[in-house]
Amino acid sequence: MNKFVPLFLIALVLAAPGCGGSASQDIEIKVADPLDGVRTLLKGYAEGQPLRSEVTSFPDLVNTVRKVDANKADMLEKGFADLQKKGANIKAKAKELLEKFK
């Protein structure tokens with residue numbers, strides 16, 4: 001009779017909800033807004049942070065935004081180019097650009 005106790009327990013465990021069943025579950029994957037990183041950069045520039053080595057990532061940021069919104073990517077590309085112009089008022093240009101991406 002002791003042989004049947006383990007078999008009974010195994011059957012009980014397999015019958016328990018969530019165990020061994022083939023119930024499907026929907027998994028929602030949330031993708032971060034690609035403009036969040038752009039806004040963070042622009043906010044820093046608007047607050048006086050200078051342009052640094054992150055300018056090398058501008059084309060990648062533009063391409064990421066382009067996958068979601070081509071018009072915003074074009075605005076961003078032009079805005080990044082304006083920020084990098086010699087003698088540009090980075091703070092003012094960044095504030096202006098940030099307003100477009102709120």
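Assorted remarks:
- Search result, residues across the range 56-102 that are aliphatic (A, V, I, L, M) and surrounded by 13 or more Cβ atoms within 10 Å (Cβ to Cβ): Leu61, Val62, Val65, Ala73, Met75, Leu76, Leu83, Ala88, Ile90, Ala94, Leu97, Leu98
- Any hit, the range 56-75, residues being more than 15 Å from the chain's Cα centre (by Cα), at pLDDT 95 or above and of a type in the set (Asp, Glu): yes
- Annotation note: Cβ proximity below 6 Å between a residue of the range 76-99 that is more than 20 Å from Asp60 (Cα to Cα) and a residue that is of a type in the set (Ser, Thr, Tyr) (sequence gap 6+ or interchain) occurs for Ile90/Tyr45.
- Residue in the range 2-18 that is modelled with pLDDT of 85 or more and surrounded by 10 or more Cβ atoms within 10 Å (Cβ to Cβ) present: no
The values are calculated or read from the model by the stated rules, or taken from the named source; none is laboratory data. From a predicted model like this one, the values you see are computed outputs, not experimental measurements. Cβ coordinates were reconstructed from backbone atoms using ideal geometry, including for glycine residues, and neighbour counts include every protein chain displayed.
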